[in-house]
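I have placed the structure first, in the form of structure tokens, so that the comments after it can refer back to it.
What follows draws every value from the coordinates through simple rules; no lab data is involved. Just so it is clear, the model here is predicted, and its values are computed rather than measured. Cβ coordinates were reconstructed from backbone atoms using ideal geometry, including for glycine residues, and neighbour counts include every protein chain displayed.
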Amino acid sequence: MPRRPPLARLMLFAVLTALPAGDAALAQEQAPAAAPAGFSNTLSGLAAKARAAGVRQDVVDAALAGLSPDPSLMAKPTKQPEFSRPLQDYVADAASPARAARGRALATQWRPSLEAAAAASGVPGAMLLALWAMETDYGRDQGARDVLRSLATLAFARPETPSFGDEVVAALVMLQHGVARDRLRGSWAGAMGNPQFLPSAYLKHAVSLEGRPNPDIWTSVPDSLASIGNFLKNSGWAPGAPAAVEVVLPAGFEIASLRQDARAWARAGLRSADGSPLPDAGEAMLFLPSGAKGPAFLLYPNFFVLKVYNFSDSYAMAAAVLADRIAGGPGVRAPWPKGEKLLGQSDRARLQRTLAALGLYQGQVDGRFGPVTREAIHAFQRRIGWKPADGYPSAEILARAVAEAGG
């Protein structure tokens, strides 16, 4: 798998970039109110950081003068649907046939720009469209909040997370570069435009197909598609390789490992669900999101590049399925099990703690399951002789793990 940024930073990036702007009431600007004690100190500190980063005093003063905190952001945000819904439900909504049909229509409408963005980045046009859809429903839901106000509020409310303040500074750098102040509109967490870039992501990854010195990710579809592609390219996207491939396992297949070279999977008898040869694109991880009774996938390195955009497995899988459908594929072929019930947040965290106590898990105890947790579950299943060892976090596995750990 590709080398990925530290888990904590990716988790934060997912929270900041993936959550929607909220309902209509939250999206409306709050009326200015008296600033809580300490907010002015936060602004002063941010102004000093911006000046140290080379932002002119007049830019800082104009942007921060009269800025008030947003009361609706003082509480903790709600949990992400990417982490709290069954993957099959999330994919059904996010990668729906209707959304794919809209993507195909846009592919025709913007064909020259889409081809140029794909050629520059090495990312298929269908994937660029899929991420545009995942982020803002093809531009329909970009968010209406004042991003600078939101980020300053979060920097004040959560001083333990310095990245919020860093994003304020990045937004001020954008203004100094000539981005208009009224462009800084987006989600409650500071994500902007069609690709929902944070200010720092804009500075690093935004590019213009139309020759603008400041790429327009808000109203220019060509710039937005090119910027999404540039983000993935800069994050390690491997041109010509898939993100995920649905596979069929041989009858009675014993899952001795969840990850190995794609050629080893082929030798073991796995085949693509569409009958084509398995792509020989390096190491691949076997993923059974609903356990052995549901669809099976091999996750290639590009899947984990998608997780740099959003850390959720559900998000990355939905993007891969949607891209397949936009390109004319059928989506997921195998049936999903009916009535699937996930462990609740507290039970997921308990399973992680228990696996850690058994010496099998070394990740964060946060109730969010990804490859690290699944491999720990798989190792536990192998230890107790559980078959199939599919890495699926069932209630039965939780009970067995608790019993093995002594209650």
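If amide H atoms are built 1.01 Å from N in the plane of the peptide, which residues on other chains or at least 5 residues away come under 5 Å of the amide H of GLN260?
For GLN260, whose amide H was placed from the backbone, the distant partners under 5 Å are ALA284, LEU286.
Could you sort 138-148, 334-344 so that the peptide with the highest average Cβ count within 10 Å comes first and the rest follow in order?
In decreasing order of mean packing, 138-148, 334-344 become 138-148, 334-344.
Using the Kirkwood formula on the Cα atoms of segment 235-369, what hydrodynamic radius do you get, in angstrom to one decimal?
Computed over segment 235-369, the radius equals 16.2 Å.
Give me the percent relative contact order of segment 177-310, please, defined on Cα pairs under 8 angstrom at least 6 residues apart. Before the final figure, lay out each step's value.
Details: 193 pairs, mean separation 27.4, N = 134.
With pairs under 8 Å counted, the relative contact order is 20 percent.
So what are the three principal axis dimensions of the chain from its Cα atoms, in whole Å, longest to shortest?
So the extents along the principal axes, rounded to whole Å, are 69, 55, 35.
Distance between the C-alpha centers of segment 335-384 and segment 133-162? Whole Å please.
31 Å
Can you list residues whose amide H is under 5 Å from TYR361's amide H, if they're 5+ apart or on another chain and H is modeled 1.01 Å from N?
Under 5 Å from the amide H of TYR361: ALA356.
Give the share of C-alpha pairs in each 5 angstrom bin for segment 345-404, from 0 to the last occupied bin, in whole percents, shortest bins first.
Distribution as computed: 4, 22, 38, 27, 8, 1 percent.
Can you put LEU225, LEU398, LEU209, LEU131 in order of Cβ neighbours within 10 angstrom, beginning with the fewest?
LEU398, LEU209, LEU131, LEU225
Mind ordering 367-375, 168-176 by average Cβ neighbours within 10 Å, highest first?
Put in order of decreasing packing, that is 168-176, 367-375.
Can you give the relative contact order of segment 173-235 as a percent, counting alpha carbon pairs under 8 Å and 6+ residues apart?
28 percent
How high is the relative contact order of the chain? Use alpha-carbon pairs under 8 Å, at least six apart in sequence, and give a whole percent.
It rounds to 19 percent for the chain.
Computed over the Cα atoms, what is the radius of gyration of segment 30-184 divided by 2.2 N^0.38 Å, N being its residue count?
1.31
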